[in-house]
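The values are calculated or read from the model by the stated rules, or taken from the named source; none is laboratory data. Because the structure is predicted, anything quoted here is derived from the model rather than measured. Glycine gets a Cβ as well: all are built from the backbone with ideal geometry, and neighbour counts include every protein chain shown.
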Amino acid sequence: MTSVRRVDALADRLAARTLELVDIPSESGHEGEIREHLLQLVPSSLTPEYAGDEAFLFVPERRLAAPLVVLAGHYDTVPAQGNLPGRISAAAVHGLGASDMKGGIAVALELVRDLAGVPAGPYDVALLLFGREELPAEQNPLSALFAGSRLIHETSLAILLEPTDGTIQAGCLGNVIARLTFRGTSGHSARPWLADNAIARAVEGLGPLLSLGGRDALVGGLTFTEVLSVTRLEAGIADNVIPGEATATLNLRYPPDRTPEEAEAHLRSLVPQEALLEITSHARPARVVTDSPLVEALREAGGLDVESKQAWTNVADFTANGIDAVNFGPGHTRYAHRHDELVEITALVHAYETLRRFLGGPMREDVG
């Protein structure tokens, strides 16, 4: 009966914390309120080793023989889609960012707060909070963190609490965003034969790209799928003008079997030669980490499967700096960025309990 009450209390606490964070608007670029709120909740047992522009690393007093594990999460979200404020219903927390990734932030925050009240386990546990994750790679605040923090480079394993469907998701896709411009000749819409419609050129040029299938690649024993998508199409200046220019936005997600240079060259090989390709953003893929003893210990703590990360995440920032990192957090990836975004309360509990077993030491309720 005591264990049942403990699980119920944990579920209520994690759900309440998640909803509390969901209800603080934090669209990328407007994170001030939630940033200040979170900084007030970090336990005093953790010291702010790095505090920069939307990146904050809190570390415990380091022990000589203890590996450093970093729990990491971003507190910004995509724009709202009528999903604020949030709510708790049907055994889930609903609302903007519930899955991606305020549920993960809630789990990480409650973990470090609970660990502050018990004897230390086998690992030193740090907390990394950051913003601007949902923006282009060039606005990523973690580059400055890796340049300005000393202790981040002592990390034995970083765990990014993105939603992972109850599994460990290793590696991640690279992410290239580019603009593809088709040029024609503008003219009066009453005499289209005197013009050269750039939209027609775009439709013809984009057709083969839209019909491309995915390419599967096996990396580190895991299957990643490379995909190219057209995400925007812009053209025209007036209702009675044949457009002389049309621009499509392309998004290439590529597996870690390509280098960034190879990915850009591949994209250039796919587009029509007469169109102008401009790469506007590029985030490299992450190294696949599956053979680390710490990853194996995390897997055993929850009986977890290991899958590929079919997206880009900040594990790439860690592996690019020679640091092992994986994704593991509450919730289902299918709910990320949706208008009906949610995270199941059982998923919050599962992530918390798995990480708590992995990190070791007694539960707060078991002390005394």
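For segment 126-139, taking the residues that are part of a helix (DSSP H, G or I) and not small (Gly, Ala, Ser), the one that is surrounded by the most Cβ atoms within 10 Å (Cβ to Cβ) is identified as 139. Of all residues in segment 9-28, those being outside any helix (DSSP H, G or I) and within 11 Å of residue 110 (Cβ to Cβ) number 0.
Taken as a whole, the structure places residue 253 among residues that are part of a strand (DSSP E or B), within 22 Å of residue 308 (Cβ to Cβ) and of a type in the set (Lys, Arg).
Checking each residue of segment 241-249 against the condition of being surrounded by fewer than 13 Cβ atoms within 10 Å (Cβ to Cβ) and not charged (D, E, K, R) gives no match. Considering the conditions (1) in contact (Cβ under 8 Å) with a residue 60 or more places away in the chain; (2) farther than 30 Å from residue 197 by Cβ; (3) surrounded by fewer than 20 Cβ atoms within 10 Å (Cβ to Cβ), residue 270 is excluded by exactly one of them, (2). Of the listed requirements (1) touching a strand residue (DSSP E or B) at 6+ places or on another chain (Cβ under 6 Å); (2) more than 19 Å from residue 70 (Cα to Cα); (3) in the same structural domain as residue 73 (by TED's automatic domain parsing), residue 290 misses just one: (2). Quick one: would you say residue 207 is within 20 Å of residue 234 (Cβ to Cβ), more than 19 Å from the chain's Cα centre (by Cα), without any contact (Cβ under 8 Å) to a residue 24 or more places away in the chain and not assigned by TED's automatic domain parsing to the domain that holds residue 72? The answer is yes for residue 207.
Does residue 100 satisfy being acidic (Asp, Glu), closer than 17 Å to residue 315 by Cα and out of contact with any Gly (no Cβ under 7 Å at 6 or more places or on another chain)? Here the answer is yes, as residue 100 does meet what is asked.
For residue 281, the test of being surrounded by fewer than 21 Cβ atoms within 10 Å (Cβ to Cβ), at negative phi and in a helix (DSSP H, G or I) is failed. The strands (runs of 3 or more DSSP E) found wholly in segment 140-186 and carrying at least 2 residues that are of a type in the set (D, E, K, R), out of contact with any Phe, Trp or Tyr (no Cβ under 9 Å at 6 or more places or on another chain) and surrounded by fewer than 24 Cβ atoms within 10 Å (Cβ to Cβ) occupy 174-183. Looking across segment 347-361, just one residue is surrounded by fewer than 19 Cβ atoms within 10 Å (Cβ to Cβ), at pLDDT 95 or above and in contact with a Pro (Cβ under 9 Å, 6 or more places away or on another chain), and that is 350. Give me the residue from segment 275-312 that is modelled with pLDDT of 95 or more and acidic (Asp, Glu) and, out of that set, nearest to residue 216 (Cα to Cα). Among those residues, the one meeting the criterion is 307.
Here residue 82 qualifies as under 21 Å from residue 343 (Cα atoms) and in the same structural domain as residue 113 (by TED's automatic domain parsing). For segment 187-201, the set of residues classified as outside any loop (DSSP other than H, G, I, E, B), surrounded by fewer than 16 Cβ atoms within 10 Å (Cβ to Cβ) and in contact (Cβ under 8 Å) with a residue 24 or more places away in the chain consists of 188, 192, listed by residue number. Among the residues of segment 12-68, just one is surrounded by fewer than 21 Cβ atoms within 10 Å (Cβ to Cβ), among the acidic types (Asp, Glu) and under 19 Å from residue 162 (Cβ atoms), namely 27. In segment 116-137, what residues are over 16 Å from residue 72 (Cα atoms) and of a type in the set (A, V, I, L, M)? 116, 118, 120, 135, 137, listed by residue number.
Only residues that are crowded, with 24+ Cβ neighbours inside 10 Å, hydrophobic (A, V, I, L, M, F, W, C) and out of contact with any Phe, Trp or Tyr (no Cβ under 7 Å at 6 or more places or on another chain) were counted in segment 314-330, giving 5. Residue count for segment 74-125, restricted to those that are of a type in the set (A, V, I, L, M, F, W, C) and part of a loop (DSSP other than H, G, I, E, B): 9.
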